[in-house]
Ligand code: GLY
């Protein structure tokens with residue numbers, strides 16, 4: 001993500017009058033750790049970040065979860081803007097305020113609910129994704145169809161191969177991502193802290209995490 005978009009994002013923030021600093025973290029799930037959180041805190045402290053500052057999490061679910069938790073905890077909480085660049089992040093991880101890092105005893109064991117001030121989604125970023133990442137993200141899209149949206153499920157039955165191959169128009173892709181974002185937002189609006197309904201969104205996650213932990 002960094003080589004593809006960091007320069008543009010930083011230039012855009014500068015143009016808008018902000019003074020951004022960049023923190024890069026390695027790609028991959030192992031980055032979602034307390035050790036990485038520490039290195040982020042170090043850099044934020046060195047740059048004298050203030051409570052009026054905000055964190056922009058540009059990347060996939062790992063960056064969103066990590067950046068969100070850094071924002072939730074540094075200086076007792078600063079704003080976070082989520083800029084998701086994968087399907088998983090655009091339809092699921094960036095929405096709803098769950099932030100966390102992993103612990104040897106479990107995935108997402110240490111975290112906080114911290115709603116983003118803004119989720120800025122650009123679906124053209126999805127066209128640079130490797131196929132495996134598209135397929136992984138579409139699992140969440142299928143999930144939304146299964147739990148909430150028959151019409152979406154029917155669309156996927158007909159067009160899933162086109163979506164995997166990214167042979168769909170920008171308008172169709174925008175529609176697909178927005179529809180999924182709306183499903184997630186509706187569920188979270190009704191049950192932010194997962195007292196009941198929101199657990200629906202974990203459909204398939206529990207077994208997925210178990211498989212991931214064993215992999
Ligand atoms: N990814 C499941 C949830 O946000 O509740």
Handout entry: Segment residue 203-residue 79, extension gain: residue separation times 0.36 nm, minus the distance between their alpha carbons
Key = 41.7 nm
Completion exercise
Note: the stretch 27-81, point scatterers on Cα, Debye, no solvent; log10 I/I(0) at q = 0.17, 0.25 Å⁻¹ equals -0.47, -1.00
Problem - Percent breakdown of C-alpha pair distances by 5 Å bin, ordered from the shortest bin, for the stretch 38-150 - result: 2, 12, 20, 21, 19, 14, 7, 3, 1, 0, 0
Completion exercise
Measuring from the longest principal axis of the C-alpha atoms of the chain, the long axis of helix 170-190 (C-alpha) lies at a number of degrees, nearest 10, equal to 70
Practice task
Obtain the nm distance between the two label points defined at residue 147 and residue 51 by a simple spin-label model: each point lies 7 Å from its Cα along the Cα-to-C-beta direction.
Solution key: 3.5
Handout entry: Computed over the stretch 1-54, Cα set: Rg, Dmax in Å
Key = 12.7, 34
Exercise for the section: Multiply the residue gap between residue 154 and residue 124 by 0.36 nm, knock off their C-alpha separation, and tell me the result in nm, one decimal place. Expected result: 8.4 nm
Exercise for the section: Calculate how many DSSP beta bridges within the chain are antiparallel, expressed in % of all such bridges and rounded to the nearest 5. Expected result: 40
Completion exercise
Computed Rg/Rh for the chain (Cα atoms; Rh = Kirkwood radius) stands at 0.96
Exercise for the section: Determine the relative contact order of the chain: mean sequence separation of Cα pairs under 8 Å and six or more apart, normalised by residue count, in whole percent. Expected result: 15
Fill in the blank from the handout: Rg/Rh of the stretch 141-206 (Cα atoms, Kirkwood Rh), to two decimals, equals 1.02
Handout entry: Length-normalised contact order for the stretch 53-117 - Cα pairs under 8 Å, 6+ apart - percent
Key = 34
Handout entry: Considering only the stretch 33-123, percent of DSSP beta bridges that pair antiparallel, nearest 5
Key = 40
Handout entry: Rounded tilt (10° steps) of 131-148 against the dominant C-alpha axis of the chain
Key = 70
Fill in the blank from the handout: With -39,500 (n - 2.57) per DSSP H segment of 4 or more residues and division by the full residue count of the chain, the 222 nm estimate, nearest 500 deg cm²/dmol, is -15000 deg cm²/dmol
Handout entry: Estimated D of the stretch 101-215 in µm² per second, where Rh is the Kirkwood radius over Cα pairs and Stokes-Einstein applies at 37 °C, 0.692 mPa s
Key = 207
Completion exercise
Helix 61-73 sits off the longest principal axis of the Cα atoms of the chain, rounded to the nearest 10 on a 0 to 90 degree scale, by 40
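Extension gain residue 23-residue 174, at 0.36 nm per residue separation less the Cα-Cα distance, in nm? Each step should come with its number before you reach the end.
Numbers: separation 151, 0.36 × 151 = 54.36 nm, distance 2.90 nm.
Difference between extended and current length: 51.5 nm.
Each value in this text was obtained by applying a stated rule to the coordinates, not by laboratory testing. Just so it is clear, the model here is predicted, and its values are computed rather than measured. Note that we place each Cβ from the backbone using ideal geometry, even for glycine, and neighbour counts take in every protein chain shown.
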